[in-house]
Amino acid sequence: MTADESGQSDQNTCQLILMRHAKSDWSDHSLSDHERPLNNRGRRDAPRMAQWLTEIDMVPDVVLSSSSVRTRETVALMVEQWTNEPVLSFTDNLYHSSAESILTVIRSDACDARRLMVVAHNPGMAHLVSGLSNQLIEMPTAAIAIFQLQLADWNHVGPGTPIDLIQHMRPKAL
């Protein structure tokens, strides 16, 4: 992030944190896909990823999340690790959404966030991360990709937006 002589960062500099939910539990076949909770690994990995975001000073202002149980649990476990709680918004529009649908939610629901996090599902999340970075990036469970971009508001995010992938992390790499 650039800063002027007063130490203030450019007000148009934003970060977009894209995350795939942590590992879910497939053991109860009576549950619908939407109702599947996290498994033990998922409950371990979500707080670790939240701690990593804290260490690199990337705790979000706003979190937009799919409404599924596993994404809600991922977000809850992460928020427990942060001293400042972000604004949270859960929506069915991020449940198994395409890359373009995720961008649509960002454009409409990001509010005035300077650091926005979106927690959703594959394949849409992997497609969006790969598309924004112009490279093939895998998004295993609990993986995070952080982008820095210059924009006046989130309505303009999408193809053609100047954007840089600044971090990519998965739990196994911590």
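Values as computed for the structure displayed
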{"item": "Cα-centred dipole magnitude for segment 1-136, charges only on beta-carbon of K, R (+1) and D, E (-1), debye, nearest 20", "result": "500 debye"}
{"item": "Structure-derived Cα extents along the principal axes in Å - corresponding label in (i) 57, 31, 28; (ii) 89, 39, 26; (iii) 40, 39, 33", "result": "(i)"}
{"item": "Among ASN155, TRP26, SER66 - extreme Cα towards positive end, dipole of the chain, charges at beta-carbon", "result": "TRP26"}
{"item": "In degrees, nearest ten, helix 124-133 long axis to first principal axis of the chain (Cα)", "result": "30 degrees"}
{"item": "The chain, accessible area per residue, ligands and nucleic acids excluded (1.4 Å, Å²)", "result": "49 Å²"}
{"item": "Helix-only CD estimate at 222 nm, as mean residue ellipticity for the chain, using -39500 (n - 2.57) per DSSP H run (n ≥ 4)", "result": "-8500 deg cm²/dmol"}
{"item": "Accessible heavy-atom area order of HIS21, HIS29, highest first, probe of 1.4 Å", "result": "HIS29, HIS21"}
{"item": "Segment 135-162 versus segment 75-124: alpha-carbon centroid distance in Å", "result": "12 Å"}
{"item": "Portion, in percent, of the accessible area of segment 67-174 that falls on carbon or sulfur, probe 1.4 Å", "result": "49 percent"}
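The values are calculated or read from the model by the stated rules, or taken from the named source; none is laboratory data. Please read all numbers here as calculations on a predicted model, not as lab measurements. Please note: Cβ atoms are built from the backbone with ideal geometry, for glycine as well, and neighbour counts cover all protein chains shown. Quick note on the areas: whole protein, heavy atoms, side chains included, nothing else; ligands and nucleic acids left out. Shrake-Rupley method; radii C 1.70, N 1.55, O 1.52, S 1.80 Å.
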